[in-house]
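Visitor: Structure incoming, see below.
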Amino acid sequence: MNIPSAEIDVTEDLVRSLLEDQFPDLADRPLTLVANGWDNAIFRLGDDLVARLPRRQLGADLVQHEHRWLPDLAHRLPIPIAAPLRTGAPSDAYPWAWSICPWFDGEVAADSDLGDPATEARRLGDFVAAFHTPAPPHAPDNPLRGQPMAYLRPRIRHNIALLGSIIDGGAVATRANELLDVDDWGGPPLWLHGDLHTANLIVRNGEITAVLDLGDITAGDPAVDLAVAWMLFGEGDRTVFRAASGSSFVVDDAMWQRGQAWALHFALLYLLHSADSERFARMGRSLLAAVVAAG
């Protein structure tokens, strides 16, 4: 399958007209499309900004969460995040809220190498630990992230069936059953990034310099954000990440196992939606191999 289709064609002309109407001081800057993601179109705006506009309703709902929560969270995180600097409003030309965010030079981690993986494992673990703090009762709800394993099991089973001969379904199902047989999170709901993967990490000169795309922000089991360990690090560096990622709690064996279950789930999703994305195909294959091999 392809990435989700756009419900609105976000063009350079549309973005330019929105800038002229709402942020005229930015309207004369160079504007270049740099990405059409699952949920948002990203345009570089001059040297230091991006215009980020939802391309479907689901993305528009997530932008509301970013506007509400990210400015406060950004101040206590040790790695910069793409928090909105300005918030665009719906208009007659475009129906949804949108964002002006900082531009971060570099490449996504999916396309680049880390200079010192152990150091970056510690730094990313520190970021996760700073993020995973108790969330307020009115934190955004996200039924697809941070849920108990019982919610994950049917999704994994369904996606294995959809992928068919693309994967070794028997081996993946066996590994999934092993990982899902684990105790659920018994602590309070914690803040979660929810979509912490290698295409949402910016790397420059071998260092992780920014974390992107926090639209899936929610509260729940912090194990969901540990899945990135199998995407980015080898076995030894995963141990460094695990040690650093606990703050008010210890990343015990059960949480680590749930993190692997989420990693397997994400690998299947990437493979399912990679027909028009070589990057996500590559991410899915390597992640699935890492999780199955870790058994």
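Visitor: In this structure, is L163 more than 19 Å from E66 (Cβ to Cβ) and of a type in the set (A, V, I, L, M)? Can you show your working first?
Guide: Working: more than 19 Å from E66 (Cβ to Cβ): yes; of a type in the set (A, V, I, L, M): yes.
Criteria met by L163.
Visitor: Go through (1) part of a helix (DSSP H, G or I); (2) within 20 Å of N142 (Cα to Cα) for P4 and report which single condition fails.
Guide: P4 satisfies all of (1) part of a helix (DSSP H, G or I); (2) within 20 Å of N142 (Cα to Cα) except (1).
Visitor: Scanning for something assigned to a loop (DSSP other than H, G, I, E, B) and either without any contact (Cβ under 8 Å) to a residue 60 or more places away in the chain or among the acidic types (D, E) (or both), does region 151-163 turn up at least one residue?
Guide: Filtering region 151-163 for residues assigned to a loop (DSSP other than H, G, I, E, B) gives none.
Looking for residues that are assigned to a loop (DSSP other than H, G, I, E, B) and either without any contact (Cβ under 8 Å) to a residue 60 or more places away in the chain or among the acidic types (D, E) (or both), one finds none in region 151-163, hence no.
Visitor: Ok, one more. Of the residues V203, V211, V250, V240, which single one is at pLDDT 95 or above and surrounded by fewer than 21 Cβ atoms within 10 Å (Cβ to Cβ)?
Guide: Sole residue among the options that is at pLDDT 95 or above and surrounded by fewer than 21 Cβ atoms within 10 Å (Cβ to Cβ): V240.
Visitor: Sticking with this one: What tally of residues in region 140-157 results from selecting those that are touching a Ser or Thr at 6+ places or on another chain (Cβ under 9 Å) and open to solvent by less than 20 Å² (accessible area, probe 1.4 Å)?
Guide: 3
Visitor: Are there any pairs, at least 6 apart or on different chains, whose C-beta atoms fall under 7 Å, with the first in region 118-133 and closer than 21 Å to G187 by Cβ and the second open to solvent by less than 10 Å² (accessible area, probe 1.4 Å) and polar (S, T, N, Q), and if so, which?
Guide: As it stands, the answer is G125/S245; V128/S245; A129/S245, since those pairs meet every condition given.
Visitor: While we're on this one: Could you tell me which residue of region 186-225 is nearest to the chain's Cα centre (by Cα), considering only residues that are under 17 Å from V240 (Cβ atoms) and in a loop (DSSP other than H, G, I, E, B)?
Guide: By that ranking, first place goes to L196.
Visitor: Is it true that G187 is closer than 30 Å to P137 by Cα, at pLDDT below 95 and open to solvent by 10 Å² or more (accessible area, probe 1.4 Å)?
Guide: Values: closer than 30 Å to P137 by Cα: yes; at pLDDT below 95: yes; open to solvent by 10 Å² or more (accessible area, probe 1.4 Å): yes.
Spelling it out, G187 is indeed closer than 30 Å to P137 by Cα, at pLDDT below 95 and open to solvent by 10 Å² or more (accessible area, probe 1.4 Å).
Visitor: Something else now. Quick one: in region 78-94, which of the residues that are over 20 Å from Q22 (Cα atoms) and in contact with a strand residue (DSSP E or B) (Cβ under 8 Å, 6 or more places away or on another chain) is most open to solvent (accessible area, probe 1.4 Å)? Working first, answer last.
Guide: From region 78-94, those over 20 Å from Q22 (Cα atoms) are 78-82; that's our starting set.
Narrowing the set further to residues that are in contact with a strand residue (DSSP E or B) (Cβ under 8 Å, 6 or more places away or on another chain) leaves 79-82.
On the way: I79: 4, P80: 67, I81: 12, A82: 16 Å².
Residue satisfying both the conditions and the ranking: P80.
Visitor: So which pairs qualify, if the first residue must be in region 45-57 and within 20 Å of P90 (Cβ to Cβ), the second must be charged (D, E, K, R) and open to solvent by 40 Å² or more (accessible area, probe 1.4 Å), the Cβ gap must be under 7 Å, and the two must be at least 6 apart or on different chains?
Guide: L45/R29; V50/R44; R55/E7; R56/E7; Q57/E7
Visitor: Let me ask something else about it. Any residue at all in region 117-131 that is touching a His at 6+ places or on another chain (Cβ under 9 Å) and β-branched (V, I, T)?
Guide: Checking region 117-131: at least one residue is touching a His at 6+ places or on another chain (Cβ under 9 Å) and β-branched (V, I, T).
Visitor: Another question, then. Which residues, taken from region 226-285, are of a type in the set (D, E, K, R) and not in a helix (DSSP H, G or I)? Don't jump to the end; show me each part of the working.
Guide: We begin by selecting, within region 226-285, every residue of a type in the set (D, E, K, R); these are 235, 237-238, 242, 252-253, 258, 276, 278-279, 282, 285.
If the condition is that a residue be of a type in the set (D, E, K, R) and not in a helix (DSSP H, G or I), then D252, D276 are the ones that fit.
Visitor: I'd like to check something: does region 158-172 contain any residue that is within 16 Å of the chain's Cα centre (by Cα), β-branched (V, I, T) and either under 18 Å from F266 (Cα atoms) or open to solvent by less than 60 Å² (accessible area, probe 1.4 Å) (or both)?
Guide: The initial filter retains those residues of region 158-172 that are within 16 Å of the chain's Cα centre (by Cα), namely none.
Within region 158-172, none of the residues are within 16 Å of the chain's Cα centre (by Cα), β-branched (V, I, T) and either under 18 Å from F266 (Cα atoms) or open to solvent by less than 60 Å² (accessible area, probe 1.4 Å) (or both).
Visitor: Can I ask one more? What residue, of W262, W230, W256, is of a type in the set (F, W, Y) and open to solvent by 20 Å² or more (accessible area, probe 1.4 Å)?
Guide: Values: W262 fails: open to solvent by 20 Å² or more (accessible area, probe 1.4 Å); W230 fails: open to solvent by 20 Å² or more (accessible area, probe 1.4 Å).
Being of a type in the set (F, W, Y) and open to solvent by 20 Å² or more (accessible area, probe 1.4 Å) holds for just one of W262, W230, W256, which is W256.
Each row is one residue, and each column tells you yes or no for (1) among the small types (G, A, S); (2) open to solvent by 30 Å² or more (accessible area, probe 1.4 Å); (3) closer than 26 Å to E107 by Cβ.
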| residue | (1), (2), (3) |
| --- | --- |
| L18 | no, no, no |
| R44 | no, yes, yes |
| D47 | no, yes, yes |
| R52 | no, no, yes |
| R68 | no, yes, no |
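The values are calculated or read from the model by the stated rules, or taken from the named source; none is laboratory data. Computed from a predicted model, the values in this text were never measured in an experiment. Every residue, glycine among them, receives a Cβ derived from its backbone with ideal geometry; neighbour counts consider all protein chains shown. Accessible surface areas use protein heavy atoms only, side chains included; no ligands, DNA or RNA. Shrake-Rupley method; radii C 1.70, N 1.55, O 1.52, S 1.80 Å.
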